[in-house]
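Working notes, structure below.
The values are calculated or read from the model by the stated rules, or taken from the named source; none is laboratory data. Everything numeric in this text was worked out from a predicted model, so none of it was measured. Don't worry about glycine lacking a Cβ; one is built from the backbone with ideal geometry, like all the others, and counts go over all protein chains shown.
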Amino acid sequence: MRVTVTKRAFLPLAAAAMATVLAGCGSQIADPASAGSTASSGTSCVNTSGSSIKVGFINSLSGTMAISESTVFDSLSLAAEEINASGGVLGKQLEVISEDGASEPTKFAERAGKLIQQDCTAAVFGGWTSSSRKAMLPVFEANDALLFYPVQYEGLESSKNIFYTGATTNQQIIPALDYLAEQGTKSLFLVGSDYVFPRTANKIIQAYAAAKGIEILGEEYAPLGSTEFSTIVNKVRDSKADAVFNTLNGDSNVAFFRQYKSVGLTADSMPVVSVSIAEEEVPGVGLDNVQGQLTAWDYYQTLDTPANKKFVAAFKAKFGADRVTSDPMEAAYTSLYLWKAMVEKAASFDVDKVQAAADGVTFEAPEGLVTVNGDNNHITKTPRIGKINADGLIDTVWSSPAAVEPDPFLATYDWAKDLAK
Amino acid sequence: MELLIGQMFAGLSLGSVLLLAALGLSLTFGQMGVINMAHGEFMMAGAYTAFVVQQAISDAGASLLVSIPAGFLVGGVLGLVLEAVLLRRMYHRPLDTLLVTFGVALILQQAARDIFGAPSVDVRAPAWLQGNIELLGAPIPLTRLFILGLSLLCLAGLVLLLKATPLGRRIRAVVLNRDLAETSGVSTRRSDQLTFFIGSGLAGIAGVAVTLIGSTSPYLGTNYIVDAFLVVVAGGIGQIKGAVIAAFALGVLQSVFEYSTTASIGKVLILIVIVVFLQLRPQGIFSLITRSLA
């Protein structure tokens, strides 16, 4: 069924891409006047004279990341549709121009450049992997344009041209560790895929553990995509740790959880906390294999807030009752509304004015009220620990009492002093 | 002790997965000289066969038992088609077969994405394969035991076929000296087709087996193809007994390396061992003594 969605998304997309190349060329030649009308920002060519305003979506709609990123495209499309139905932004309808990053960081950088310079979009939304974000960052900084990035990441970054609406480490990993400590966890085993995010995350976990007296009994990495976990699960089992912290990525989770279970380890005997399995991934891993295991995110489909009920109902109405919502999808949905709120506060689409207005902007998101922190361009989020239930959805078992301020460089944590260097 | 047994078994079971993946390749690459990069995708086809069968037969145990012959057929037929449409035009041109079959691999991956979707699908293991038995305190996962048994069974079947049947004799005759076999009245055409059918069918069975340990996704084959080639090359091209020894030796070595270092370093060490070994013995563990002029 996913196939039809991607295909359905792809056809108009291809058409839109072609149309915008033509339209883009036209507008650059045809309306220097309107470019001038966008006030101070010298390089911007955003056309604010018409009844509509262009925004860009950039996601991998093909390649290995399409499986995850097409869901973000879906929830962004839903937000755009809702905003247009309720009158648009500053009275202008959103005209979405979508680009395919094709799971390649260089492609993301190139397409982002096109969205900014050729399509003259007022803001761009999307991206998933840290490598795609790192590739786009200089493009947005050089053009003084805006990117809204919706996925939890390893932190240690802040750009005035990027708004980070997913969790940073102190809104996901550290609360998960606090939860484990609260549950009496004295020892941990770390398992992750061998690349940037797990290694950075585990550095933070090591520092936390050293400060809080939690013993780390092992730290194992499997090559990306690896399906052979016999030795790792043997080491985990032998360590007799209280819990496992899992930063594996993608399909490795399937192999890991199957083999974990097959040596007799369960959610009761040794719980696993995962930071990259959401509602979308559960069917592929197999409910049998992960039921009862823990996850750390800021949003679950089962959250009982009015905004979330509305979001889930609208999403299922648009994309089908068998689809589920997840944390990155919610963060992407929220990002479009946050931009709308910033623009309305600034009463302008101008990037400088939007940046100046950003601090303190709020939105009643499905995950709860979020507030933009203008110092680091991240947002407040409410960390939640979830347990995978028999339906394959995730129930909240612990939630932070209040939204947590973003701290991408972990400056407020004494034990993390050496990490940010 | 407990850990030693656990690790020994991990090595053996990794070896059995490698053997299953390499057995068919040893036939098509080793005996026919075709570098079939789509071998991994034939495994993937077998894995998706298990998924489709499970949609039809909801009992996981029965569906697994049906999937094994079904996977063999699906893999075999794909191999037969590949041989008939493309490969028979390029025997004796191994580099061309590499490129062509790599293209076929990409096509099959995309086909799987279009048919089944990009996310991995869940093939459930039967209840009687869940859990483990204890051997002196070490947990021996039943799924891995099953795969070990299955690979030994496939091995026995293949050896029997090659050594004790007229078909096997014909295949061996063609491998040893194609022209002489042809002159002696052996249909090399038919022998090629059957060899390819069996080799690809074995990949299908391997695919069904690995659904028990990992994910069933369009990328499944890419996880195994390199290791399978390593086994065939290290074992000696065209040598089934070499492939068996190489598979289990690599499995056990890998688990030892991985245990004493990490998964990534273990992989590197294995590659170093193979490179050094092939320097000393370029022909692999065993080499084929043929009377052909080539």
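Would you confirm, using the coordinates I've provided, whether A:Asn289 is modelled with pLDDT of 95 or more and either more than 26 Å from A:Ala403 (Cβ to Cβ) or not hydrophobic (A, V, I, L, M, F, W, C) (or both)? In short, no.
Set side by side, the residues A:Val139, A:Val46 differ, and just one is β-branched (Val, Ile, Thr) and in a helix (DSSP H, G or I), which is A:Val139.
Of everything in the range B:188-220 that is assigned to a helix (DSSP H, G or I), among the β-branched types (Val, Ile, Thr) and under 16 Å from the mean Cα position of the chain (by Cα), the residue that is nearest to the other protein chains (Cβ to nearest Cβ) is B:Val210.
Before we move on, is B:Gly185 closer than 26 Å to B:Thr49 by Cβ, outside any strand (DSSP E or B) and away from chain A (no Cβ under 12 Å)? Considered against the rule, which asks whether it is closer than 26 Å to B:Thr49 by Cβ, outside any strand (DSSP E or B) and away from chain A (no Cβ under 12 Å), B:Gly185 comes out as no. Just one of the numbered conditions (1) within 30 Å of A:Ser49 (Cα to Cα); (2) crowded, with 22+ Cβ neighbours inside 10 Å is not true of A:Pro138: (2). Scanning the range B:12-34 for residues that are of a type outside the set (A, V, I, L, M, F, W, C) and within 8 Å of chain A (Cβ to nearest Cβ) turns up just one, B:Ser13. Kindly indicate whether any position in the range A:333-345 is within 16 Å of the chain's Cα centre (by Cα) and assigned to a strand (DSSP E or B). No. Does A:Ser44 count as of a type in the set (S, T, N, Q), in contact with a Ser or Thr (Cβ under 9 Å, 6 or more places away or on another chain), surrounded by fewer than 20 Cβ atoms within 10 Å (Cβ to Cβ) and modelled with pLDDT under 95? Judged against the criteria, A:Ser44 is not a match.
Of the strands (runs of 3 or more DSSP E) lying entirely inside the range A:198-288, those carrying at least 1 residues that are within 24 Å of the chain's Cα centre (by Cα) and more than 7 Å from chain B (Cβ to nearest Cβ) are A:243-247, A:272-274. For the range B:135-166, a residue qualifies if it is within 14 Å of chain A (Cβ to nearest Cβ) and closer than 15 Å to B:Thr211 by Cα, and the qualifying residues are B:Pro141, B:Leu142, B:Thr143, B:Arg144, B:Leu145, B:Phe146, B:Ile147, B:Leu148. Residue count for the range B:98-114 satisfying the condition of being within 13 Å of chain A (Cβ to nearest Cβ) and within 24 Å of the chain's Cα centre (by Cα): 6.
Among the residues that make up the range A:168-175, is at least one of them assigned to a strand (DSSP E or B) and touching a strand residue (DSSP E or B) at 6+ places or on another chain (Cβ under 7 Å)? No, there is no match, as no residue in the range A:168-175 is assigned to a strand (DSSP E or B) and touching a strand residue (DSSP E or B) at 6+ places or on another chain (Cβ under 7 Å). Just one residue in the set A:Ser262, A:Ser276 is farther than 25 Å from B:Phe257 by Cβ, buried (at least 19 other Cβ atoms within 10 Å of the Cβ) and of a type outside the set (A, V, I, L, M); that residue is A:Ser276.
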